[in-house]
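Colleague: Take this structure, written in structure tokens, and hold onto it; I'll ask about it next.
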Amino acid sequence: MTLGELLQLEGAFSLLFLGAALGFFVCWIFRSLRDKASVQSESFAASGSANTAAGAAVPVATAAAITPAIAPAIAAAISAAIYKYQNEVDMVIVRTITGDRGFLHGHEACSVVLDAGVMRIIRGGEQEELKLAVLGGVAQMEENILTIVTEVAEWPEDIERARAVTQRDEALARMEKAEPAEQEELKKVLRKAETLITVSAFPPSGVEK
């Protein structure tokens, strides 16, 4: 994907998020995807360390059902043209336009707009942590099902690091002579390229394609 294509993609996302009926639109998308994917949320006993994994830096809402000994799972589905990941997990941390946000079992229903960033998927009480580059999109938590829709989601092993480095360098070079409006778009492209570079350095996910 060239820098120009990334700028076009960024423009498409901007138009999407400007709609006054964003909340209703997002809910409709996610309900449809959830029904189509038939993602079922089932509680199971897991290590209690997932309950304490959030930490003070990641605001999460937990249900009374989560005790130090038992942390039920949430079902996570990540859609990027095709499903990238669909499983039961202990916790998911995403990058939103207002900062990082964590989701555990019992999190209140909500919809959030995603920024480019590293998504962390934690399973087995921190015994397993997967990292995924997500370049914007929307996420909805409802009835312990976290659904994420994005146009770009890449595992470390799928990222073309050299291309991402080129995109970053091109954005930095254009930034110096760009008008203020274009600079804002280039900053977004730069965040996406840097996210890809960061995630490409992590170990392979091992997720079955």
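The values are calculated or read from the model by the stated rules, or taken from the named source; none is laboratory data. Remember, it's a predicted structure, so these values are computed and weren't measured experimentally. Methodologically, a virtual Cβ is constructed for each residue, glycine included, from the backbone with ideal geometry; neighbour enumeration extends over all protein chains shown.
Colleague: Working only within the range 127-147, note down all residues that are within 16 Å of residue 90 (Cβ to Cβ) and of a type in the set (A, V, I, L, M).
Modeller: Those that are within 16 Å of residue 90 (Cβ to Cβ) and of a type in the set (A, V, I, L, M): 130, 132, 141, 145, 146.
Colleague: Counting only residues that are in a helix (DSSP H, G or I) and acidic (Asp, Glu), which one in the range 154-183 is nearest to residue 130 (Cα to Cα)?
Modeller: 157
Colleague: Could you say whether any residue in the range 161-184 is surrounded by fewer than 21 Cβ atoms within 10 Å (Cβ to Cβ) and under 17 Å from residue 95 (Cα atoms)?
Modeller: There is no residue in the range 161-184 that is surrounded by fewer than 21 Cβ atoms within 10 Å (Cβ to Cβ) and under 17 Å from residue 95 (Cα atoms).
Colleague: Does at least one position in the range 119-130 carry a residue that is modelled with pLDDT of 95 or more, surrounded by fewer than 21 Cβ atoms within 10 Å (Cβ to Cβ), under 19 Å from the mean Cα position of the chain (by Cα) and not aliphatic (A, V, I, L, M)?
Modeller: There is at least one residue in the range 119-130 that is modelled with pLDDT of 95 or more, surrounded by fewer than 21 Cβ atoms within 10 Å (Cβ to Cβ), under 19 Å from the mean Cα position of the chain (by Cα) and not aliphatic (A, V, I, L, M).
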